[in-house]
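Undergrad: Pasting in a structure now, in structure tokens, and then I'll have a few things to ask.
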Amino acid sequence: MANTGTLDADHRRIEDDLETRSYVARTAGVMAALPAVTREMVRDRLLGDADVRVIGGYLAALQASLAALGMKYLVAGRIEGPLRSWLTIDTHESGFPVWQEIAQTAADAAQAATELGRTPPAETIKDDMIRQIVGDRVLPTRLQYALSQRYYYEALAAGGLFWPQMHPQAEGQGQAGSRRRWLIHWAIYDSQLNVPVIYLLDCDDSGRKPLPEDSRRWPEASAHLLAQSVTALQLVTIAQGFDRDFDTLHPRRLRRLTLGPIYSRLFTVQEGPIRQVLDDAHAPQGEDWALAMTIEELRAGRAVMEASGLFSVVERQIFDLDPLNQHGAGQGATSAARVLVLPARPFQALSELDPEGFRNVRKYVVAPGDTVRGYA
């Protein structure tokens, strides 16, 4: 890998084709392991069944984006001239592609139909490749590139990818008396941290129309939530702002899941105990990684009535805050849980090293066959 020069010092471009494939396969493999991990989190009461289904959708989108990027850069490093390009990742406290990569896929997706319309079908390109190999006896690098780009734009046209902003969706959770209950979820790809972040909001609705069908409230609520999706903002700031801006929407619980960083001996720069853990593990390729995850949660403890104007009152939520501010990430939240997901060999090395900073971190050990075990 090489320093990108003009980008942040923590950003690296992967200039070797085989390394690019290995990186994409490994990162996609980590994402593929997480649905089983989230199901185990239900047993530990960190998540609910509805959460697992929602999070699974975002994990599938991340895998689709990684697969698309794998196609985009499959041959791009071997092309001479302005088409030559490399996948850029954040090697420090991220392990994911940089935000600009995700943003570019969104821009390319808008042009996918046009690009597919002007390029030959995949079978035609393959036939041309065979003729060039057999007839001209040369490696058809440019045709390989054209085919990889065709597959890239086909993946974008198929949709289901993870974008810089995944707009809010509201799913009905039944009734609470006369009020409807919604699970509102959305996600972003954080442009500062270069990691995906998922938000889950349990919300009561006292409006006359169901929230997703309300042409006034729903667009405003969606825009508000996206605008406040800044990792540096405390959950209490986001929830209180939402509570005050929408009198008929009552946030009961807000959670933020930060996926990452991913640590890997081959692709990231580690500091502290995690570096020694991965070095000591001597894990085979595909198992020399660890994924950190933070789950912040803010709960409403009670509601009070507050004057609004001269003749009306509105309900406002009083949120429970963690006075001990555990783990630092709990600031402005009711609780914060730190989780580490890793294969068996790194877990064994971690257990033997037993660094103090990881003793209060919940560990989930993944094994082949979607087998996951949790350890305190």
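Quick note: the coordinates plus some simple rules give every number you see, no bench work behind them. This one's a predicted model, so the numbers in the text were calculated from it and none came from an experiment. Cβ sites come from the backbone with ideal geometry, for glycine too, and all protein chains shown count toward neighbours.
Undergrad: Pairing the Cα long axis of helix 17-43 with the longest principal axis of the chain, what angle in degrees results, from 0 to 90 and rounded to the nearest 10?
TA: The helix 17-43 is inclined about 30 degrees to the chain.
Undergrad: If you place +1 on the Cβ of every Lys and Arg and -1 on the Cβ of every Asp and Glu, how big does the dipole about the Cα centre of the stretch 2-158 come out, in debye to the nearest 20? Before the final figure, lay out the partial values.
TA: On the way: 17 positive and 21 negative charges, 71 e Å.
So the magnitude is around 340 debye.
Undergrad: Is the chain rounded, prolate or oblate when judged by the Cα gyration tensor, a ≥ b ≥ c being the square roots of its eigenvalues, rounded requiring a/c under 1.5 and prolate requiring a/b larger than b/c?
TA: Numbers: a/c = 2.41, a/b = 1.46, b/c = 1.65.
Oblate shape, in that a/c is at least 1.5 and b/c is the bigger or equal ratio.
Undergrad: Same structure again: For the stretch 158-184 and the stretch 38-70, what is the centre-to-centre distance using only Cα atoms, to the nearest Å?
TA: 15
Undergrad: Pull up all non-local amide H partners of Val269: gap of 5 or more, or a different chain, and H-to-H distance under 5 Å with H placed in the peptide plane.
TA: His92, Glu93
Undergrad: Still on this structure, please answer the following. Within the stretch 256-362, which GluC sites (Glu not before Pro) sit in a loop by DSSP and count at most 14 neighbouring Cβ atoms inside 10 Å?
TA: Glu271
Undergrad: Provide Ser351, Ser264 in ascending order of the number of other Cβ atoms located within 10 Å of each residue's Cβ, fewest first.
TA: Ranking Ser351, Ser264 by Cβ neighbours within 10 Å, fewest first, gives Ser351, Ser264.
Undergrad: On to the next question. So how far apart, in nm, are the two label points at Ala232 and Gln104 if each is 7 Å from Cα heading toward Cβ?
TA: 2.6
Undergrad: Please order Leu161, Leu235 by the number of other Cβ within 10 Å, starting at the fewest.
TA: Working: Leu161 22, Leu235 28.
If I rank by nearby Cβ atoms, fewest first, I get Leu161, Leu235.
Undergrad: Could you list Val42, Val361 so that the one with the fewest beta carbons within 10 Å of its beta carbon is first and the one with the most is last?
TA: Values: Val42 13, Val361 17.
Placing the least packed residue first, the sequence is Val42, Val361.
Undergrad: Which residues in the stretch 222-259 have a backbone N closer than 11 Å to a point placed 7 Å from the Cα of His167 along the Cα-to-Cβ line?
TA: It comes to 222-223, nothing else.
Undergrad: Got a sec to turn the phi values of the stretch 274-280 into Karplus ³J(HN,Hα) couplings, 6.51 cos²θ - 1.76 cosθ + 1.60 with θ = phi - 60°, whole Hz, x for Gly and Pro?
TA: Ordered by residue, 3J(HN,Hα) equals 4, 5, 5, 4, 5, 5, 6 Hz.
Undergrad: Using alpha-carbon pairs under 8 Å, 6+ residues apart, how would you state the relative contact order of the chain in percent? Spell out each step's value before the answer.
TA: Working: 675 pairs, mean separation 49.7, N = 376.
Averaging sequence separation for qualifying contacts and normalising by length gives 13 percent for the chain.
Undergrad: Less than 12 Å from a label point 7 Å out along the Cα-to-Cβ axis of Ala176: which backbone N atoms in the stretch 221-265 qualify, by residue?
TA: Correct set: 249-254.
Undergrad: Note down the magnitude of the dipole of the chain about its Cα centre, charges +1 on Lys and Arg C-beta and -1 on Asp and Glu C-beta and zero elsewhere, to the nearest 20 debye. Let's see the in-between values first.
TA: Numbers: 40 positive and 47 negative charges, 131 e Å.
Using only the charged Cβ atoms, the result is roughly 620 debye.
Undergrad: List, in order, the whole-Hz ³J(HN,Hα) value for each residue of the stretch 194-208 obtained from phi through the Karplus relation with A = 6.51, B = -1.76, C = 1.60 and θ = phi - 60°; use x for Gly and Pro.
TA: Ordered by residue, 3J(HN,Hα) equals 6, 9, x, 10, 10, 10, 10, 10, 8, 9, 8, 10, 9, x, 6 Hz.
Undergrad: Relative contact order, percent, of the stretch 165-375 when contacts are C-alpha pairs under 8 Å separated by at least 6 residues? Walk me through the intermediate numbers first.
TA: On the way: 411 pairs, mean separation 32.4, N = 211.
Once divided by the residue count of the stretch 165-375, the mean separation gives 15 percent.
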